[in-house]
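Peer 1: For reference, the structure I am asking about is given below.
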Number of protein chains: 2
Amino acid sequence: MAPDGERRARVALSFLAKPGDLVLGAALRARTATEVLGLVTGADANGDALLAGEAEDTALRGALPRWRDRLGDIPSTARLAAWQDSGLRLIVPGDSEWPTQLNDLGDTRPLLLWLHGSADLRLTCVNSVAIVGSRAATGYGQHVAIEMAATLAEKGTAAVSGGAYGIDASAHRGAMAAGGDTVAVLAGGLSFGYPQGNRALFTAVAGQGVLVSECPPDARPTRPGFLVRNRIIAALSRGTVVVEAALRSGALNSARHARELCRPVMAVPGPVTSEYSAGCHELIRDYGAMLVTCASDVLGHVGLAGDGVGPAGPRSGPATPRDLLDPVSVTVLEEVPVRGGRGPASIAVRAGVDLDTALRCLGELAAAGFIERCDRGWRTRRLS
Amino acid sequence: MAPDGERRARVALSFLAKPGDLVLGAALRARTATEVLGLVTGADANGDALLAGEAEDTALRGALPRWRDRLGDIPSTARLAAWQDSGLRLIVPGDSEWPTQLNDLGDTRPLLLWLHGSADLRLTCVNSVAIVGSRAATGYGQHVAIEMAATLAEKGTAAVSGGAYGIDASAHRGAMAAGGDTVAVLAGGLSFGYPQGNRALFTAVAGQGVLVSECPPDARPTRPGFLVRNRIIAALSRGTVVVEAALRSGALNSARHARELCRPVMAVPGPVTSEYSAGCHELIRDYGAMLVTCASDVLGHVGLAGDGVGPAGPRSGPATPRDLLDPVSVTVLEEVPVRGGRGPASIAVRAGVDLDTALRCLGELAAAGFIERCDRGWRTRRLS
């Protein structure tokens, strides 16, 4: 539990500086929130003397007037209490519900988080994946987001997303439909509840998961605010899946944040004829994002493949087109070992065919790329 | 031009051994075709003495009886002449039309190729890409194959594919619709013309491109023959694109051959809900195939991006979601250099905003991941 004074100072500062303010972030590396607030209010008589020399202090000195201009925005104790009475709670670094992975954000770590909902944010996010994408999603994208979030929920992995229409909403709906936890990080305040059309969804999320915002509860979201918010989605989760995104979609910004945090970036492919998958394809093709087709793929990449079925696990069918071989060739192929090697005569005996037939099949199998010669006869070759 | 004796010997051997026969391939490394044929017919009195000791000679000695059994299959000179009168021509290594890239196949290099069509095979394949996929293609896959082959044709790159329904046929149709060359490599003989339903297509290909087969003209295709044939498609072209393929599709075998030949393997993504794209997704996800969405992507990967528009070239939109920024932030962002760095005061002057506004925008842009601090102020960051 963080000390009360620090908590109050962080709350005050959150009404003065914008989310992700790097100058404030740097200042909080060197000073307590109480000290920084003292510099803003002028309560610290030595403030100006302290702020000389260092480049960071120069930046801080430059920011102080801006923050001072907003001192009137700090709400009264009664106002804060009213928000908390309405069901919101407030966490700061050091609280037991604070997700420590947010510390990876360095100087852009949120000052505090407003929460609303029944789930514990820290526990929920331990096993969570961000599912993001375009507001202007297609039926295909919404279907994939719902299925993926639902399957992840069934395997005990929560969804983290924004509060937008389209993929964000589908991810929350899918997770909740499967009885799972879901985390919606809003770009505006929790009481403001943007967009209005999703308020019923937000009520449902609060009932089954948790709503999150670093903004004052009555704050209206700003355009850059959505992009700044995306760092929280990326930092809370173990990895980010972009389900559908056009080339300039804001969802790609979430992928960028995840990448900078060294979290896996994944993208779901779609028709190349759909502009709403073009951003996903660009991520895979040009930025090293991993192609994922299902929840199992995702769990494999974030290290949560508890059931052993992930990218490295068994699949519904091998890539080798054995079905196209005639039955005798299949029988012969089955007697060719993966390692070591075996001679044609031994293969013939095991396969129950004569040597000529075995030799013919081995030749065809080799020409077709299934097997190769080695010191000890023949062995199978693998595509990988 | 290959010597007549060698040509005749290769023709004879092509009726005795199956396509891609490794024993024959190895034998032809050490001996001329005339010498090998002499061993089969027994014309070489020292044959048995020659075949002692070496492992490869042991294999050759084992194969001779099989080949001798088929000596009666060698057609008469009149029969060969009739095929050639019907429009077929025959090339062997050393001929001017022989595509030398087939030599990369080593011991599985075709003995010879039967051709039918107006195009020169070697010249056509210099700039060519294999476009392959499932017979059971969807409308989506056929559309993509047609568009890709047509665009490649417009840029002077020929299509190489098989003769099957679905993706193969679509690739040929797309190339021809754009007035380009196309190469169809059949698994059976050119006179047999399998499948029957594509005979009109084959006639069109012969008129505008070239039909290819290593099998005797009247040979019926065999199931393993399709897989053996795939190595020729992979070897003729600069790279292989799998447009649509189910998990066990034979098209994946073409990808395997291309990979073994160190040619780029590319795959077109599709809906994850389509089983006909599952093989493509597996290639990208698990086997390192490159995701391609259009002809430009393909040309970039095979080193034919003549117009500078490939995976490394300009795209229709950057991945950065600048559209989501407010106009002032965009103005400020435009003054942040890619290299070197620039101070806030200088950025403010250039952007025509006051220092406070510049500092606010720079903070937001940094928090949103667009820019970063450096020794000399601020610079933009890149996703890659």
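Computed from the coordinates by the stated procedures, all read-outs in this text should not be read as laboratory data. Just so you know, these numbers come straight off a predicted model, no measurement behind them. In this analysis, Cβ positions are derived from the backbone assuming ideal geometry, glycine residues included, and neighbour counts consider all displayed protein chains.
Peer 1: Which FRET efficiency value, to the nearest 0.05, do you get for B:S86 and A:V126 by plugging their Cβ-Cβ distance into 1/(1 + (r/R0)^6) with R0 = 51 Å?
Peer 2: It comes to 0.10.
Peer 1: With N residues in the range A:1-121, what two-decimal value do you get for its Cα radius of gyration over 2.2 N^0.38 Å?
Peer 2: 1.09
Peer 1: Taking the label point as lying 7 angstrom from Cα along the Cα-to-Cβ axis, what are the distances from A:D69 to the corresponding position in the remaining copies, in ascending order and in nanometres?
Peer 2: Spacings between copies for this position, smallest first, are 9.4 nm.
Peer 1: Given a Förster distance of 51 angstrom, what is the FRET efficiency for B:D356 paired with B:D286, based on the Cβ-Cβ distance and rounded to 0.05?
Peer 2: In this case the efficiency is close to 0.45.
Peer 1: When averaged across all projection directions, what area in nm² does the alpha-carbon convex hull of the range A:52-192 cover?
Peer 2: The number I arrive at for the range A:52-192 is 11.2 nm².
Peer 1: Nm distances between the label at B:G340 and the same-position labels in the remaining copies, 7 Å along Cα→Cβ, shortest first?
Peer 2: Label-point distances to the other copies, shortest first: 6.8 nm.
Peer 1: Determine, for B:I371, A:I167, the number of other Cβ atoms within 10 Å of each Cβ, and report the residues in order from fewest to most.
Peer 2: B:I371, A:I167
Peer 1: Report D for chain B in µm² per second (integer): Stokes-Einstein, Kirkwood Rh on Cα pairs, 20 °C, 1.002 mPa s.
Peer 2: Answer from the Stokes-Einstein relation: 90 µm²/s.
Peer 1: Quote the FRET efficiency, to the nearest 0.05, computed for B:R61 versus A:R339 with a Förster distance R0 of 25 Å and r equal to the Cβ-Cβ distance.
Peer 2: 0.30
Peer 1: Here is a further query. If each label sits 7 angstrom from Cα along the C-beta direction, how far apart, in nm, is A:G87 from its counterparts in the other copies?
Peer 2: A:G87 label point versus its equivalents elsewhere: 7.6 nm.
Peer 1: Could you state the orientation-averaged shadow area of the convex hull built on the Cα atoms of the protein assembly as shown, in nm² to one decimal?
Peer 2: So the Cα hull casts an average projection of 38.2 nm².
Peer 1: When all C-alpha to C-alpha distances in the range B:322-380 are sorted into bins of 5 Å, what percent of pairs does each bin hold, rounded to whole numbers?
Peer 2: In whole percents, the pair-distance histogram is 4, 23, 37, 26, 9, 1.
Peer 1: For the range A:206-247 and the range B:3-30, what is the separation of their C-alpha centers, rounded to whole Å?
Peer 2: Taking the Cα centre of the range B:3-30 as reference, the centre of the range A:206-247 is 67 Å away.
Peer 1: Tell me, in nm to one decimal, what length is gained between A:D73 and A:M1 on full extension, where the rule is 0.36 nm per residue of separation less the Cα-Cα distance?
Peer 2: 23.3 nm
Peer 1: Find out how many positive minus negative residues lie around A:G341, taking Lys and Arg as positive, Asp and Glu as negative, among other residues whose Cβ is under 11 Å from that of A:G341.
Peer 2: The answer is +3.
Peer 1: Return the distance in nm (one decimal) between the two label points of a simple spin-label model at A:T380 and B:R220, each offset 7 Å from Cα along Cα→Cβ.
Peer 2: Distance between the two pseudo-spin positions: 3.0 nm.
Peer 1: Going by how many other beta carbons lie within 10 Å of each one, how would you line up B:L355, B:L291, B:L111, B:L80, fewest first?
Peer 2: B:L355, B:L80, B:L111, B:L291
Peer 1: Using the scaling law 2.2 N^0.38 Å as the reference, what is the normalised Cα Rg of the range A:97-162?
Peer 2: 1.30
Peer 1: Measuring from label point to label point, each 7 Å out along Cα→Cβ, what is the A:R31 to B:N103 span in nm?
Peer 2: Here the answer is 7.6 nm between the modelled labels.
Peer 1: To continue, here is another question. What does the helix-only formula give at 222 nm for chain B: each DSSP H stretch with n ≥ 4 adding -39500 (n - 2.57), the total divided by the residues, and the result rounded to the nearest 500 deg cm²/dmol?
Peer 2: Calculated at 222 nm, the ellipticity per residue is -13000 deg cm²/dmol.
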